Structures are given as C-alpha cells and as structure tokens.
Amino acid sequence: MTNLLTSLDPVDWAWAGILYWLGLGFAALFLQRSRSLLTNLVFPLGALGALFIAGVGVAGLLAPVSTSVLPIGLPDLPFHLRLDALSAFFLLLLGGAAFGVTVYAIGYFRHMEAGPLAVLTLWYHLFLAGMAGVMLADDAYAFMVCWEVMALSSYFLVTTDHDIPDIRSAGFLYLLIAHVGAVSLLLCFGVLQGGHGNYTFGYMRGAALTPFWASAAYLLALFGFGAKAGLVPMHVWLPEAHPAAPSPVSALMSGVMLKTAIYGLLRVTFDLLNIQLAWWGALALALGLVTALYGVIFAAVQSDMKRLLAWSSIENIGIILAAFGLTLIFYTDGKGALAALTLTALLYHSINHAFFKGLLFVSTGTVLHATGTRLMGQMGGLIRIMPWTAWLTLIGVLAIAGIPPLNGFVSEWLLLQAFLLTPGLTQPYLNMVIPVAAAAVAMAAALAAYVMVKFFGVIFLGQPRDPALLHAHEASWPQRLGMVWLAAGCVLLGLFPTQVITWIAPVVRLITNQRLVNDGNWLLLAPVSAERASYAPLIFLVVVLVVLLLTFIWVRRTYHGRLRRSDPWDCGYPEQDARMQDSAQGFGQPIRHIFVSFMRVERETPDPFDRQPQYHGATLDKLWFVLYEPIARLTNWLSAQAGRLQHGHIQWYLTYSFMTLIFLLVFVTR
Amino acid sequence: MPLAYHLQFINLLAALLLLIAFAMLSQRRIVGLVTLFAWQGAALSLATAIVAWSTGQHHLYYSAGLTLVLKVMVMPWFFYRLVKRLDVNREVEPMINIPTTMLIGIALVIFAFNLAMPISQMAGTVMRSTLGIAMACVLLSFLMMITRSKAITQVIGFMAMENGLFFAATSATYGMPLVVEMGVALDVMIALFVLGIMSFQIRESFDSMDLKHMESLKER
C-alpha cells in the first residue's frame, strides 16, 4: 500500500482530487432532501478538496514534470494529463482561492431551498473540477472537454435564479460569448496540430509551424482566451454575468476562471508554439492597456456593487494581459532576465487577483444578504453594523488599490519596474511607445484606487442611506472564516514577496529558461539590482505601525485629547442628513464627465418643483451599441434573407434539391 | 441466344423504360399513372432478369424477383386501393403545363446522356450504354415530383425515381449487393406505408390531397 502511494506522481493526486470533486457533486444529487447535509457536509468536504488541490499544486511546483494517460475518453482517444510547473502554479491558485470561497459558501447557501441547492452543489463542484481539468489537460481533446464543462457548469451557476428574465439574458450572453471563444480555440488547436491529426500537446510542441500559421494560431488563441478573460471588446458578458451569479460563484468566476484563460494563453504561446514574434507582444500589450483603462473607467461610474467589481476584474485582466504582452516583447528581444521579471509580475498579479477579488466578491455577497440590494446608493455606514465584513473588505480594498504592504502593490510595482527597463529594447519604436504604456498602467492603478475608495466609502462609511440598513445582520461564522482566509492570503502574499517569488520561480524557469535574480535578501525584494529599486514590506509595515502608534500617543497625550462624537460625514452642518451624502453616482461623476465619449449616459432628472423627486441615471457601454447591436442586426437581416427561401411549397423545396443535384452533377463531370 | 441479341433486348427494354417515364410525365390521371408505374416496374424486372441470365450474376435473379413482387404487384395494388379510398382519381393539375414539361424533360435526357458518357466508358458491364437512360429516368421522375401537386403523384414519382436508381446500379455495376437491395426494398415499403398514412392525414387536415394547402403550415 505504501509502495502504491509513493509511486503516485503529483499528476495522479491531481486527478484523484478532480474525481473527488466530481464524486461530491454527484453525491449531492442524492441529498436533495437535506439542506443541512449539503451545506454542512458537502461544501466543507469540497473545501478540503480545494486545500488538497492547492497542496498538489505545491508538490507539482517542487517535483519534476509528471504525466498520466487516463483510460477515459473516446476509443483510441484517451485523456492525456500533464502536471508541470505552470499547471501546478495555477492549481495552487485554484485551490487557494477556492478553499476560502467554498468555506464562505457554507454560510452563504444556508437559506436556499434544498432541491435547487443540490443542483447548484453539483454544478459548483463540476465547475471546480472543470477548471482543474483545464489546467491539467495535455491534449486538445481533454482540454476542450474540460473547458466546456467549465463553461457550461458556470452558465448553470450564473442562471441559478433563472426565474428572473434579466438573469436568463445575462446567462445567454455569457454562454454565447463563451462558445464563440470556444470555437476559436478549437480552430486554434486545429492550426496547432499542423495537419497531422495528432492532437496531443506533446505532439504540438514538436510541430514546426511557419510564422504565418503560428501567427494565425496565436491570434485565434488570443481571441478565444480573450473572450473568456474579458478582453475588450469581448468583455460585455462580465458586467452582466457577475451580478447575476450568486456571490461565491462570482468570486470563483472572477478570481479563478478568468485565470484559466491566462493559463491557456501562456500555455499556447510559450509552450505549444515553436516560435514567438515581437508584434504578438505589442498587440497583446495594446489590447491589455485598452482593456485595463476601459475597465477601470467603467468601474468608476457603476452604482451596482457587483457590476463595479466585474468591471474592476476587466481592468485587472487588462493589466495581466499587458504584462503578458511585455513578457513576449522581452522574450522575443532576447532579454530573458526582463522577460522573467515581467512573467513573475504577471503570475504574481494573477494569484493576487484571485485572492482580493475573491474576497471582495464574497463580501458583497454578505452585504447583499444583509441588505437585500446590490445598489450602493441605498447603503452606507455598514461598518458599524457589520464590522467583521467591513474590516476584512478593507483589507481587500487596500490590496486591490495597490497600497503597500499588501499584495496588490507588489505585483504592480514589479510590473512597473519591468516597464521602466524597456529602454534596453532593440526595437526603436517599442522603446519610445512603451513608456507611454507604463503611464497608462500607472493611471489604471491610480483609478483603481479611486474606484475602491468609492466602493468602500459608499458601502461602509458615512451614514446609512436607508433606515432598513439598521436591521442588517453580520456575516455568519463560515462566511467570516472564508473571508479571513482570503484576507490572510492578501496579507501574506504582500508581506513575503521574496518567498512567493521563489514559488513562482519554477514556472518562470520553465517558460523563459531564466530565473528572476533577487538582489536583496529574504527581507528585501530587489528584482534587478538593489541600487535600482528595492522593497521590504515587513519594514514598511513596522514603520507604518510605529508611526500610527506614535501619532495615536501624541494625539492622546500632548494634544488636547478630548473625545467628541458626531455623525460621520456631516461636515459640521447640523442640518445634514443621510440623503445629502456623496452618492455612488456623485462619486463617479468626474470620471463620467472626463470619459463621456466612451459611454452612453441616460439620465432623467426631476423637475425642481416635484414633491416626490425621482432620479434615474444609467451609464451604458458604448461598445455595446457600436459593435454588438450592429452584429445582432446583421445576423437578423441575414436570417430574414435566408428565410425568404422558405416558401412552404413542397414543390419549391424539391426544386431546390433538383437544382443542387443538377449543379453537383455538372460540377463533378467537369 | 447469342449475347448480341441479349444486348439488343436490354436496350429495347431500356428505351421502353424511358418512354414510360415520359408517358408518366404527360399522364394526367392518377390511375393511369399507377398503371404506367406498374409497367415500368415490369420492364425493369425483365431487363434485370435478362442481365442475370446473360452474365450469370445469380443474385440479380433475386433482385428481379423482388422488383416484380414489390413494384409490379404490391405497390400498384396499394396505390389503386389508395386512389379508390381517397377518391382522388381526378385530373391532376400540373404546376407547369405538359408540353413545357416535356421540353424540359428532353433537355434533361440530353444532359443525362452527356453526363453518363464518361462514366459508362469506365464501367465494365455489358449494358453500360444504358446508364444514360437510367439517369434520365431518375431526373425525369424528379421532374414529375416537382411539377405535380398531389401527394400520391409525389409518392409515385419517388418510387419511379427509385426504379431509375435501381436500373442505374444494374447497368453500371451489375447491381448493388443483395443485402443492400433488400434493405432498399424494405425502406421503399416503409416509405410507401408512411406516405400512404400521411396521405390520409393530409386529407383529414386539409380536406384535399393538394399539397398547396400545406403552405399554411409555414412559420410566419
């Protein structure tokens, strides 16, 4: 028995974990009667599975590459699995984030009816298994099967409340874009196999493609994975699907599922393709920057909290994609060390985003359950009613805003360091353009901070805008535990960057054959050289804490030290009430004003003499009207034209067949 | 009897087949159509039997027998009954008038012969020259299906097309394997029953056998 256990490779453990999740999911179908068993047994077991998968990820980072061939699949077409450092890193990301979210889900789904909950539990675990399968797959067939399992199960999760028409249409949009992307991926694999009909990744690595076909494969991959990741202009499903889905599902979709697209892009570009071209990187960089700015601008003007986070996810994916483009540029330019730095930033930001966005999405779930609304305009002052949620959210908010010493800062700092090192490139144009790109990244980061001030300030600070909020309730214990796990992830990933980078190093070595040189020591992170730039989060934290303590003592002791209580945000006006506070819409107004050309603003302002004034405002994505509606109209028109062929006369249909027959006969005898 | 006579006889029967196909195109009455269909089946069966005799391909005897039973006896009997029960032995009004149909038919025959020429040179059978006639029969039957508007005439057209296909198979490669032919025969029987039942249903629903009324089923 021990022999068997020690002879198992990490990849075997990984698919054992997947089978375990599948088993849990299907077992849930037999527990349709008992809600408490579902929430108190199946979800905790699922969370343990996530922890196990994270452990397998760690083992995979340390162990050499292991492969396995599963006897399932079509005849003569078994599933090939492979666990290398890249897969292992993303498995670690999946397991780490999914553990926190699943623990949270124990508390979140407590109030659902048992029947729908059992179905949801099935989809939830299928979703987890599908994502893990995508990261392990070593042939195009297994990859697409897992990819579709992931897409379909998440579709059913998004449409959990399918009796609401808006949610159904959001789900449809998601499914549509997911499948357009999947078709593109299918074509991409078709190009990658080079016309030999062998779809294993091992074969694709050896296939020598010409630059033209390699570029075609890359563009198809960028489109296909971009559709899943939310690359502009395929981003439209995110702001619709995330608010529709239950919060733990949004957290997983945003935190982990978007990363599977990043994983796939890395896998195809650096692993499966035999050549890489510099313009691919420039394209990805440009698209990434556009996505980042577009996402953050729209995040700033949202007043629905989950929609805001969805747009913020688009922004983060944009930053990750920009890092991907820069990695490609450095890599094709022969700057291995810089490519290693950028890739480290990319992977670091991916795992950071999984934790802080997961945390923020689940905390919106708590707020949603407590207040019954997603509209920030009806919240405020929740920090006094739900302190646990508020303080844990604060950690996530600071992390996503890129405030040291939390994790968001580290990855964005690394990325900016990489941008500042571009003058070494041999391409003169890129040399000149990329500093501008760096400015765009910095602006996206700054706007992200603005967005998060709005998010936290409007929901948790100030005074309650609705008296019903006073009856809101705090998160349950499993919910708190899940949030604490995710917040702890944000803190630890921020405080120990040198250690995290050693975890990432095998992945970087796999892709770039380089390792990131840390010029500092275990305390000090210095990616290029200690003279150039270095960062020591622990020292930073100590300084922050000491300054805080000294200030506190100074204020209490030497200043007058009197305590005076007043309403928050009343600005000294005695007549101020909750409705006069800065609202979510008001907070976004400057941004809306500046970037109005990207948006379609619809507003109904009340008459000044109206006794019961009603204000309605919506800021819509112009791309929807410029790009998607014409496509929809064109499709409708084309189908109407095709519909003209349908007369309903059987004679006409026979004539069609007859004409086709005659045509084909003429054609073949030529 | 020497082979040359056999060939002459097969060619005669093939010409008869084509003549019947034209006659079916111009036949207005349904009962007449059914009779012509039976005669076409008889000619086909006889031609197949002669091919079997002259080439020693024994499985073609079975094909000939099958054709005789199904297409000369069972199906015409079934059609007669159907016509009687449905009382549809009225003038069939073709979509295109009959002289025009005949002209189109002549064009199709020329086309079919042109088409068959290169193929028949490749075929190694004694009766390869009749391939053009077989294809012409297929196309003419198709044309009949297009120009007529009663459900029964369409079914007859469909069966006549199957006759043409059968003849093409015989003349190009001495017929399909027996198993395939049995399968086809079964398919034809089932199609016949389905279409027969459907004819009743169509009359029930529309009070007429005219397929023009089915236009109202079209999705708006």
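The values are calculated or read from the model by the stated rules, or taken from the named source; none is laboratory data. Since this is a predicted model, take the numbers as computed values, not measurements. All Cβ positions, even for glycine, are placed from backbone atoms using ideal geometry, and neighbour counts span all protein chains on display.
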Search result, residues across region A:376-395 that are out of contact with any Ser or Thr (no Cβ under 9 Å at 6 or more places or on another chain) and among the aliphatic types (A, V, I, L, M): A:Ile385, A:Leu394, A:Ile395
How do the helices (runs of 4 or more DSSP H) wholly within region A:1-66 filter down when requiring 1 or more residues that are surrounded by 16 or more Cβ atoms within 10 Å (Cβ to Cβ), among the small types (Gly, Ala, Ser) and modelled with pLDDT of 90 or more: which remain? A:10-29, A:43-62
Within region B:193-215, which residues are modelled with pLDDT of 70 or more and within 14 Å of chain A (Cβ to nearest Cβ)? B:Leu195, B:Met198, B:Ser199, B:Ile202
Out of curiosity, is B:Ile190 at pLDDT 75 or above and within 14 Å of chain A (Cβ to nearest Cβ)? no
Here are B:Met198, B:Met117, B:Met189, B:Met135: which of them is surrounded by fewer than 20 Cβ atoms within 10 Å (Cβ to Cβ), under 17 Å from the mean Cα position of the chain (by Cα) and touching a residue at least 12 places away in the same chain (Cβ under 8 Å)? B:Met189
Taking B:Ala136 as the residue in question, decide whether it is more than 27 Å from B:Ile50 (Cα to Cα) and of a type in the set (Gly, Ala, Ser). no
Does region A:374-409 hold any residues that are without any contact (Cβ under 8 Å) to a residue 60 or more places away in the chain and surrounded by fewer than 19 Cβ atoms within 10 Å (Cβ to Cβ), and which are they? A:Arg384, A:Trp391, A:Ile403
State which residue pairs qualify: first residue touching a residue at least 12 places away in the same chain (Cβ under 8 Å) and on the phi > 0 side of the Ramachandran plot and inside region A:169-194, second residue assigned to a helix (DSSP H, G or I) and surrounded by fewer than 20 Cβ atoms within 10 Å (Cβ to Cβ) in any location, beta carbons under 8 Å apart, and separation of 6 or more residues or different chains. A:Gly194/A:Trp213
From the list A:Ser66, A:Ser36, exactly one residue is out of contact with any strand residue (DSSP E or B) (no Cβ under 6 Å at 6 or more places or on another chain) and among the hydroxyl-bearing types (Ser, Thr, Tyr). Which is it? A:Ser36
Within region A:145-166, residues being surrounded by fewer than 18 Cβ atoms within 10 Å (Cβ to Cβ) and either hydrophobic (A, V, I, L, M, F, W, C) or not in a helix (DSSP H, G or I) (or both) number 4
Here are the criteria: (1) closer than 30 Å to A:Phe43 by Cα; (2) in contact with a Ser or Thr (Cβ under 9 Å, 6 or more places away or on another chain); (3) in a helix (DSSP H, G or I); (4) of a type outside the set (Phe, Trp, Tyr). Tell me which single one A:Glu474 does not satisfy. (3)
Filtering region A:578-588 down to residues that are outside any loop (DSSP other than H, G, I, E, B) and either touching a residue at least 60 places away in the same chain (Cβ under 8 Å) or closer than 18 Å to A:Asp567 by Cβ (or both) yields A:Ala578, A:Arg579, A:Met580, A:Ala584, A:Gln585, A:Phe587, A:Gly588
Number of positions in region A:291-335 that are outside any helix (DSSP H, G or I) and not polar (S, T, N, Q): 5
Only one residue in A:Arg600, A:Arg592 is touching a Leu at 6+ places or on another chain (Cβ under 7 Å), away from every other protein chain (no Cβ under 14 Å) and surrounded by 12 or more Cβ atoms within 10 Å (Cβ to Cβ), so which one is that? A:Arg600
Select, from B:Gly132, B:Gly164, B:Gly105, B:Gly124, the only residue that is outside any helix (DSSP H, G or I), under 30 Å from B:Tyr5 (Cα atoms) and either more than 14 Å from chain A (Cβ to nearest Cβ) or at pLDDT 75 or above (or both). B:Gly124
Taking the options A:Phe658, A:Phe663, A:Phe625, name whichever one is touching a Leu at 6+ places or on another chain (Cβ under 8 Å) and either part of a helix (DSSP H, G or I) or away from chain B (no Cβ under 14 Å) (or both). A:Phe658
Could you tell me whether any residue of region A:612-622 is in contact (Cβ under 8 Å) with a residue 12 or more places away in the chain and either assigned to a helix (DSSP H, G or I) or within 14 Å of another protein chain (Cβ to nearest Cβ) (or both)? yes
Failed item, numbered, when A:Arg110 is tested on (1) touching a strand residue (DSSP E or B) at 6+ places or on another chain (Cβ under 6 Å); (2) part of a helix (DSSP H, G or I); (3) not aliphatic (A, V, I, L, M): (1)
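For (1) among the hydroxyl-bearing types (Ser, Thr, Tyr); (2) more than 25 Å from B:Gly183 (Cα to Cα), each residue gets a yes or a no:
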{"residue": "B:Gln40", "(1), (2)": "no, no"}
{"residue": "B:Ala49", "(1), (2)": "no, no"}
{"residue": "B:Tyr61", "(1), (2)": "yes, no"}
{"residue": "B:Leu68", "(1), (2)": "no, no"}
{"residue": "B:Val74", "(1), (2)": "no, no"}
{"residue": "B:Trp77", "(1), (2)": "no, no"}
{"residue": "B:Val83", "(1), (2)": "no, yes"}
{"residue": "B:Ile106", "(1), (2)": "no, yes"}
{"residue": "B:Phe113", "(1), (2)": "no, yes"}
Looking at region B:1-18 only, could you name the residues that are more than 11 Å from the chain's Cα centre (by Cα) and surrounded by 15 or more Cβ atoms within 10 Å (Cβ to Cβ)? B:His6, B:Leu7, B:Phe9, B:Ile10, B:Asn11, B:Leu13, B:Ala14, B:Leu16
Within the bounds of region A:167-184, is there any residue that is surrounded by fewer than 19 Cβ atoms within 10 Å (Cβ to Cβ), basic (Lys, Arg) and touching a helix residue (DSSP H, G or I) at 6+ places or on another chain (Cβ under 9 Å)? yes
Quick check on A:Ile459: is it farther than 28 Å from A:Trp388 by Cβ and part of a helix (DSSP H, G or I)? no
Residue by residue through region A:628-655, note down the ones that are of a type in the set (A, V, I, L, M) and either within 7 Å of chain B (Cβ to nearest Cβ) or under 28 Å from B:Pro94 (Cα atoms) (or both). A:Ala642, A:Leu645, A:Ile650, A:Leu654
Could you pull out the residue among A:Ala221, A:Ala208 that is crowded, with 23+ Cβ neighbours inside 10 Å and not acidic (Asp, Glu)? A:Ala221
Can you find a residue in region A:555-563 that is surrounded by 11 or more Cβ atoms within 10 Å (Cβ to Cβ), at pLDDT 80 or above and β-branched (Val, Ile, Thr)? yes
